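Written below as structure tokens is the structure these notes are about.
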């Protein structure tokens, strides 16, 4: 049975590790009769199968400002929290549009839930998964606890929620 598979990341463009690995996975899925679609802040894939949201890119100016406020400190100002949630809300709405537009059956999150380069995106995706109950594969190769720059931060509450050290698995009946 053909499935519509949605790849989700901050960027699917160029020759970085995430983009290359996602392409390999998509090739295998498509060779087996499935259709793959792309959600990211920058995408160099087929436009008809892509849902580009500039705010999802880790280099988007709003996300850069957030990172300047939350990394290297332990205290988060209320304004920063509000900006995080405003961007989370926008990204969550766009994720729902992507899922509905392409009738997505399975999500593959590429590094979005393990390295907090874009905290609002991780929160948005976590909430979207909970709300839709879509089966999701979290495909990761970078982890925040392996990076010194993420060790001192003002978002430990968000890291526990959306960037867990271990993922629950579930089986379907």
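Ratio of Rg to Rh for the chain: 0.96 [Cα atoms; Kirkwood radius as inverse mean 1/r over pairs]. Between residue 157 and residue 131, the FRET efficiency from the beta-carbon distance, with R0 = 30 Å, is close to 0.95. Take the Cβ atoms of residue 27 and residue 89, set R0 to 35 Å, and the FRET efficiency comes out at 0.55. For the chain, the longest principal axis of the alpha carbon atoms and the long axis of helix 61-70 meet at an angle near 50°.
For the stretch 1-50, taking the reciprocal of the average inverse distance between every pair of different Cα atoms yields a Kirkwood hydrodynamic radius of 10.9 Å.
Mean residue ellipticity, 222 nm, helices only, the chain: the sum of -39500 (n - 2.57) across DSSP H runs of n ≥ 4, divided by residue count and rounded to 500, is -13000 deg cm²/dmol. Between the helical axis of 78-101 and the longest alpha-carbon principal axis of the chain there is an angle of about 0 degrees. Remark: 1, 117, 161 ranked as 1, 161, 117, counting other beta-carbon atoms within 10 Å and listing the fewest first.
Throughout, read-outs are computed from the coordinates displayed, never taken from laboratory work. None of the values given here were measured: they were computed from a predicted structure. Positions of Cβ are backbone-derived with ideal geometry, glycine not excepted, and every protein chain shown enters the neighbour counts.
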